[in-house]
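The values are calculated or read from the model by the stated rules, or taken from the named source; none is laboratory data. Keep in mind that this is a model prediction, so the values were computed, not measured. Here Cβ is always computed from backbone atoms with ideal geometry, including for glycine, and neighbour counts include all displayed protein chains.
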């Protein structure tokens with residue numbers, strides 16, 4: 001009877017967690033699809049290679065070796081320990097215990113031992129990360145955008161990982177003691193090189209106490225994992241799922257190659273052709289009811305890939321710590337650009353859901369209400385943030401699109417840039433003198449020689 005109640009409880013928890021996770025994924029998918037279309041399906045072989053190198057191989061993480069190696073330990077632990085989680089799920093569904101052991105034989109002992117060492121590595125790495133985030137004076141963890149929920153979110157996940165790994169080791173320690181005592185239901189299986197260190201803590205418990213400890217740790221572990229599943233899509237740790245598609249859809253154009261707006265490029269090509277009688281491009285058969293905006297003012301003006309990047313952002317701050325504008329005290333933080341974009345698309349998505357699927361506007365926009373003009377004009381377009389991001393996110397792409405909106409929609413730009421535009425228009429170059437005078441500086445050299 002107790003086993004039946006446990007199985008039913010497990011099914012209810014699993015079904016509830018699965019439903020909540022799927023619902024949240026649907027919301028995120030809807031929000032990402034608010035963005036404009038962009039083709040990122042070309043050159044598939046290169047895309048698979050980029051994903052394998054950057055997401056699977058963690059190539060950009062190890063640029064900073066201390067944090068990178070510890071992240072790889074957590075990453076490997078997350079992937080491999082899920083095999084043990086699969087066994088726990090099956091045992092929970094069918095009331096079995098270590099169901100893989102009879103099929104894998106001696107290899108099962110190797111697997112459990114590997115999981116235990118990984119669990120210890122994950123536990124240690126998470127403790128180190130907690131210390132780094134909260135006690136060490138690391139600038140990228142002290143930025144204004146990291147106050148409040150972002151800081152708490154990171155700490156919650158790290159603390160939960162520590163508790164889950166300790167619960168896993170406690171479960172194995174109690175299991176090993178139950179096996180040694182020959183208790184019912186506990187078959188002799190597994191090798192426990194790490195959890196055996198916990199035996200002195202629990203060896204004095206009665207048989208019933210050992211069973212209660214093992215079952216309690218089992219339930220804590222599985223409930224924690226299901227809670228983690230529900231929580232992750234609301235957290236920065238959703239990059240666990242999105243890092244792979246985000247790197248697959250990476251921009252494969254050479255670094256520094258900025259895309260041209262097709263409509264503007266046609267006009268420039270026509271102007272530069274030198275033919276005053278050249279006919280303008282033929283209009284489309286169907287004129288849209290509302291012309292497409294130049295640049296981006298709100299999240300709907302960005303591409304779906306840019307919105308995916310906002311949800312993929314790990315908030316690690318490598319982009320901000322690499323940004324020369326930020327290093328010189330400017331207001332710009334590339335990490336904040338991504339966090340603001342995610343916050344805004346969440347706000348728009350909730351408003352659409354509340355209005356039954358229609359966007360009625362709320363008097364706000366990403367540009368102005370979330371991201372200021374001062375932040376945008378501080379960017380030097382150097383792409384240091386793009387190079388630093390461990391999963392190929394481009395804050396600079398969003399910045400450039402929003403600057404286009406400021407210039408081409410609102411006719412707003414700093415005085416220095418406006419002067420440069422005027423010089424290009426009047427003189428054909430950024431300098432404030434005509435082409436005929438550009439070589440005059442050599443006259444003095446000729447006179448001296």
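Assorted remarks:
- Residue within segment 131-139 that is part of a helix (DSSP H, G or I), farther than 20 Å from residue 313 by Cβ and touching a helix residue (DSSP H, G or I) at 6+ places or on another chain (Cβ under 6 Å) present: no
- For residue 7, the criteria (1) surrounded by 11 or more Cβ atoms within 10 Å (Cβ to Cβ); (2) farther than 28 Å from residue 353 by Cα; (3) outside the structural domain of residue 227 (by TED's automatic domain parsing) hold in every case but one, which is (3).
- Condition met for residue 78 (part of a helix (DSSP H, G or I) and at pLDDT 90 or above): no
- Subset of segment 31-55 (residues that are in contact with a helix residue (DSSP H, G or I) (Cβ under 8 Å, 6 or more places away or on another chain), loosely packed, with under 14 Cβ neighbours inside 10 Å and not in a loop (DSSP other than H, G, I, E, B)): 48
- Test: residue in segment 93-100 that is part of a helix (DSSP H, G or I), crowded, with 19+ Cβ neighbours inside 10 Å and in contact with a helix residue (DSSP H, G or I) (Cβ under 7 Å, 6 or more places away or on another chain): no
- Residue match in segment 395-404 (condition: touching a residue at least 24 places away in the same chain (Cβ under 8 Å), surrounded by fewer than 20 Cβ atoms within 10 Å (Cβ to Cβ) and outside any helix (DSSP H, G or I)): no
- Selection of helices (runs of 4 or more DSSP H) fully inside segment 149-255 by the criterion of at least 1 residues being in contact (Cβ under 8 Å) with a residue 40 or more places away in the chain, in the same structural domain as residue 128 (by TED's automatic domain parsing) and surrounded by 16 or more Cβ atoms within 10 Å (Cβ to Cβ) returns 149-180, 207-231, 239-248.
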